[in-house]
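Here the structure is laid out as structure tokens; the discussion comes afterwards.
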Amino acid sequence: MGLTTPRFPPPDLATLPEAFAGIEVSGIPRGLVCVDALVKKAASRVVMANPVSPGKFLILIDGPVAEVEESLLEAEHIAGDQAIDRFFLPFAHEQLERGVFGAAPDCLDGSLGIVECATTSAGIRSCDAALKAAPVVLHVIHLSAGIGGKCWYAFAGELFDVQASVQAAADVLGRDGKLLGTEIIAAPHPEFLDALGL
């Protein structure tokens, strides 16, 4: 067992783009059509376009705010009733997109906050809010693959910061049913961290 995320081929993230967005589509053929449509609509960059469990299609894009918003709106229009969820984050937290592609520290220091969401989009939206709420460090964000299309992530920091970040994650999702659970481990045991490879 480990706090590892599926490794998708990472884009060049040396310079973070202005905006990060994505959409989940229930059908793979429709998802592919959405990718074609969104790149024709505006000059956003597709950083992920993959089938993910349980048989849905996940598209992540980044780029200038206006371009990303225009591309996302076009993808939503094309997805129609097959759209599951979406997110649009102008000026996302600097840890977020890098974390999606597996760039996270190995050494965990402090308390641990864990959040589980019903969709990848809800997970990414709430993770951005959590990271912006307090100085915590993202250690993993796991998107869809092998977990029934859900998303979970974990971050660490001082206990009061972790508590504030978990609350921010819950608040941003409100009562839409996409928050599945949160937990805080105030003082992770060294053997627990060893078991997770941290």
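Worth pointing out:
- Placing a pseudo-label 7 Å from each Cα along the Cα-to-Cβ vector at residue 77 and residue 43 gives an inter-label distance of 2.0 nm.
- Relative to one another, the C-alpha centroids of the stretch 148-180 and the stretch 89-105 are positioned 15 Å apart.
- When each of 56/150; 56/132; 40/132 is checked by Cα-Cα distance, pairs over 21 Å: 56/132; 40/132
- Its convex hull of Cα atoms gives the stretch 19-90 a direction-averaged projected area, equal to a quarter of the hull surface, of 3.7 nm².
- Once both labels are positioned 7 Å from their Cα atoms along Cα-to-Cβ, the gap between residue 109 and residue 170 label points is 2.8 nm.
- Axis of helix 159-173 versus longest Cα principal axis of the chain: the two differ by about 30°, to the nearest ten degrees.
- Taking amide H atoms as placed 1.01 Å from N in the peptide plane, the amide H of residue 20 lies under 5 Å from those of 89, 91, 92, each 5 or more residues away in sequence or on another chain.
Only the coordinates and a few stated rules stand behind these numbers; no lab work does. Worth saying up front: this structure is predicted, and the values here are computed from it rather than measured. Note that each Cβ is placed from the backbone with ideal geometry, even for glycine, and that neighbours are counted across all protein chains shown.
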